[in-house]
Amino acid sequence: MSDIVYGEQYKQTGASSNMVINRSGGVNRAELDAAVTELRAFVAQLTRDGAVTADGGIADPGAVVAAVEAQPGRLKALGAAIAGGAKDAVLSIVQGGVAAMIVALVGRM
């Protein structure tokens, strides 16, 4: 894997055709590692809390959503990596439904 993740992120808002285009210069390896570490720690906490099963499945989707929304500052590195175009890179490292759900939630914040 390259040390820099480049890309564009397109985000459609609502039913209209308005789009926000974020053209990023990339996310460096340290920023990607920080995002992955943050995501894994968050998933581990959700597992201890019972919202995620031991095998990474979602036991309580509402609790996952509530945890992400209640602690927006806890996932700063993840949010920065997503905004920098590294969403797919993060998901290729941390796989699973709960990771995808958290990334989607953080991406829309």
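All conditions in (1) part of a loop (DSSP other than H, G, I, E, B); (2) in contact with a Gly (Cβ under 9 Å, 6 or more places away or on another chain) hold for G79, with the sole exception of (1). Scanning region 46-54 turns up at least one residue that is buried (at least 16 other Cβ atoms within 10 Å of the Cβ) and polar (S, T, N, Q). The single condition from (1) more than 14 Å from the chain's Cα centre (by Cα); (2) surrounded by 13 or more Cβ atoms within 10 Å (Cβ to Cβ); (3) aliphatic (A, V, I, L, M) that A77 fails is (1).
Each reported figure results from applying straightforward, stated rules to the coordinates on display, with no laboratory input. As the structure is a computational prediction, the values presented were derived from the model and not from experiment. Heads up, the Cβs are rebuilt from the backbone with ideal geometry, glycines too, and the neighbour counts pull from every protein chain shown.
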